[in-house]
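Below: the structure, in structure tokens.
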Amino acid sequence: MRGIWKWAAVAATSLAVLAVVAVAYVYLTSQQIIGRHYPLPPSHIHASTEPKVIALGQHLVRPYGCSDCHRPNLQGTYIADFGMSSRNLTRLATTFSDADFDRAIRRGLRPDGTSAAETMPSDAFQYMPDSDATAIVSYIRSLKPAGVDIPEPSYSLKDRWGFLRGMKKTTQGWFPLQKPALDLGPRYARARVMAMTACGECHGTSLEGQGGAPHTPPNLTIVASYDRSDFRKFMRTGKAAGNRELPMMSAVARVRISRLTDAELNALYDYLSARGKKLTGSGS
């Protein structure tokens with residue numbers, strides 16, 4: 001009997017050692033991915049104190065999704081769907097330079113050159129023009145620091161295992177997968193940029209969607225099948241053609257896209273409709 005207990009103890013100890021070794025391997029190997037340093041690109045963004053610029057930034061944080069994760073007051077919060085917290089941007093403004101904010105927003109890079117968390121959709125913001133980035137940084141700087149400081153997100157063992165299996169990526173891992181949307185010339189330039197930035201997180205910056213699986217974001221050529229009034233209703237109320245409620249998009253429309261002005265919505269429709277007709281050959 002003593003022999004059996006002895007071997008059981010040896011087996012249990014061996015399993016415990018193997019578990020520790022496995023956890024250490026996952027942590028150390030995933031850390032090589034998470035902790036990789038990238039060159040910091042130059043930035044020419046300088047925050048402005050002009051009311052018009054600040055007002056534009058305040059306007060854009062809604063349709064671009066900043067206030068979804070960082071909250072309307074930009075003080076950050078715990079996001080259960082992601083299992084991590086977003087940063088308090090009003091507190092971050094006391095230590096981040098304008099260039100630091102710019103690189104975080106459009107390049108997905110922290111000041112030390114490591115990648116931002118996967119949940120920061122910088123890859124979708126990479127085509128955001130300097131003017132929009134300047135406006136957003138200017139708005140952040142216009143806010144007084146408030147709320148608690150929130151540290152950089154940490155990764156669970158499950159997250160780290162996901163990095164090793166290729167199921168998760170740092171923000172940098174998504175950049176090569178994003179392509180620019182079809183350029184239809186100066187007439188549609190502003191709407192094209194807004195579409196890539198506001199819609200790119202889900203539909204991709206190419207606006208081509210994520211394939212044909214049920215309930216995945218479609219190619220936005222679909223907008224060509226909408227008339228203007230139905231499109232505007234969808235973007236304002238979340239109700240698609242036929243008064244349908246769609247998974248995710250209905251909520252996104254109400255919370256984000258509905259914040260666009262009438263002129264911006266009309267311009268967005270003009271671009272997406274023209275793009276759809278061009279790509280499907282349905283235009284005159």
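The values are calculated or read from the model by the stated rules, or taken from the named source; none is laboratory data. In this text, all values refer to a predicted model and were calculated from it rather than measured experimentally. Don't worry about glycine lacking a Cβ; one is built from the backbone with ideal geometry, like all the others, and counts go over all protein chains shown.
Annotations for the structure displayed:
- Filter pass, residue 140 being over 28 Å from residue 32 (Cβ atoms) and among the hydrophobic types (A, V, I, L, M, F, W, C): yes
- A residue that is under 28 Å from residue 176 (Cβ atoms) and touching a helix residue (DSSP H, G or I) at 6+ places or on another chain (Cβ under 8 Å) can be found somewhere in segment 229-248.
- Exactly one residue out of 111, 129, 121 is outside the structural domain of residue 235 (by TED's automatic domain parsing) and buried (at least 20 other Cβ atoms within 10 Å of the Cβ): that is 121.
Okay, residues lined up against (1) over 16 Å from the mean Cα position of the chain (by Cα); (2) more than 30 Å from residue 195 (Cα to Cα); (3) at pLDDT 95 or above; (4) surrounded by fewer than 10 Cβ atoms within 10 Å (Cβ to Cβ):
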residue: 49; (1), (2), (3), (4): yes, no, yes, yes
residue: 75; (1), (2), (3), (4): yes, no, yes, no
residue: 79; (1), (2), (3), (4): no, no, no, no
residue: 82; (1), (2), (3), (4): no, no, no, no
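- Residue list for segment 173-198, restricted to those being under 15 Å from residue 273 (Cα atoms) and modelled with pLDDT under 95: none
- Filter result (part of a loop (DSSP other than H, G, I, E, B) and either assigned by TED's automatic domain parsing to the domain that holds residue 72 or closer than 18 Å to residue 191 by Cα (or both)) within segment 247-280: 256, 260, 261
- From the options 225, 206, residue that is surrounded by fewer than 18 Cβ atoms within 10 Å (Cβ to Cβ), under 18 Å from the mean Cα position of the chain (by Cα) and outside the structural domain of residue 59 (by TED's automatic domain parsing): 206
- The residue that is modelled with the highest pLDDT, counting only those in segment 150-163 that are exposed (fewer than 15 other Cβ atoms within 10 Å of the Cβ) and more than 17 Å from residue 100 (Cα to Cα), is 158.
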